[in-house]
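Data block below; observations after.
The values are calculated or read from the model by the stated rules, or taken from the named source; none is laboratory data. None of these values were measured; they are calculated from a predicted model. Quick reminder, even Gly has a Cβ in these numbers, built from the backbone with ideal geometry, and neighbours come from all protein chains shown. The accessibility values were calculated without ligands, DNA or RNA, using every heavy atom of the protein model including side chains. Shrake-Rupley method; radii C 1.70, N 1.55, O 1.52, S 1.80 Å.
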Amino acid sequence: MNSTTVRTLLVRGMLAGLAAGVLAFVFAYVVGEGSVDAAIAFEESHSHEHGEELVSRSLQSTAGLATGVLVFGVAIGGIAALAFCFALGRIGRFGARATAALTALAGFLLVYLVPILKYPANPPAVGDPDTIGQRTALFVLMIALSVLLGTGAVLLGRRLAPGWGNWNASITAGVAFVAAVGVAMAVLPHGDNIPKGFPAADLWEFRLASIGIQAVLWSAFGLLFGYLAERVLEPRPVRGRVSTLTA
């Protein structure tokens with residue numbers, strides 16, 4: 001794959017990420033904002049400090065939320081597009097759409113789902129503000145470990161496939177990945193505890209909404225980018241003009 005093709009796919013990946021971010025923002029606004037409002041209300045009712053609000057809640061839930069989700073979507077789209085370029089032809093005889101779907105699925109699992117099993121998403125009022133830097137560093141570390149272990153599992157499966165067969169090699173690599181992730185989760189420290197009295201329903205609703213936002217983002221990206229990548233890598237042949245000359 002030459003540099004021109006890679007650049008074209010990178011741009012289309014960012015565009016697909018932007019479009020997926022729009023869908024994720026709509027989902028976040030409709031589904032997720034209710035639990036955030038409930039968490040903020042809990043925090044205000046249990047806090048003795050009432051400082052001036054620098055940014056209004058309405059601005060946070062609209063322009064602020066949109067900016068964060070769209071920037072994240074563009075960034076993820078670009079990174080996933082580069083991962084697609086590396087994976088195409090190296091993980092099996094899959095076409096552009098199938099490879100894009102597998103890349104998006106791997107991104108959702110490795111970048112989000114596995115890390116939140118150790119450090120679940122928490123709404124406002126959950127977690128000590130003084131430890132936010134430490135908790136962020138631990139979450140990023142868990143993402144890095146998940147991606148590295150996932151990459152290692154793919155390489156292990158490819159190495160074992162010629163002698164063990166694709167099925168046995170895939171199962172072995174999957175088991176090795178789960179075991180390694182389990183060890184990493186056992187070694188890393190735990191996150192902050194939920195404050196006493198915080199409504200369990202609000203916490204559960206927030207975490208489900210968080211998973212839903214990421215699922216919408218990655219699914220939409222996989223579908224959109226797969227279509228765009230196929231247009232670049234597998235263009236449809238143009239029908240030639242029918243000759244009007246007769247013998």
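A few notes on this one:
- Degrees between helix 200-233 axis and first principal axis of the chain (Cα, 0 to 90, nearest 10): 20 degrees
- When its C-alpha radius of gyration is set against 2.2 N^0.38 Å (N residues), the chain gives a value of 1.25.
- Normalised per residue, the accessible area of the chain is 62 Å², obtained with a 1.4 Å probe and no contribution from ligands, DNA or RNA.
- The share of C-alpha pairs in the stretch 132-191 whose separation exceeds 18 Å stands at 43 percent.
- Fraction of accessible area attributable to carbon and sulfur, the stretch 132-191 (%, probe 1.4 Å): 74 percent
- In order through the stretch 179-191: 3J(HN,Hα) via Karplus (6.51 cos²θ - 1.76 cosθ + 1.60), integer Hz, x for Gly, Pro: 5, 5, 5, x, 5, 4, 5, 6, 7, 5, x, 7, x
- Helical runs (DSSP H, four residues minimum) scored at -39500 (n - 2.57) apiece and divided by the length of the chain put the mean residue ellipticity at 222 nm at -23500 deg cm²/dmol.
- Cα principal axis extents for the stretch 125-166, largest first, Å: 52, 14, 7
- Two-site FRET efficiency, Val71 against Phe94, from Cβ-Cβ distance with R₀ of 30 Å, rounded to 0.05: 0.50
- Added length on full extension, which subtracts the Cα-Cα distance from 0.36 nm per residue, Leu113 to Leu141: 8.7 nm
- The shape of the stretch 81-218 comes out prolate: with a ≥ b ≥ c from the C-alpha gyration tensor, a/c is at least 1.5 and a/b beats b/c.
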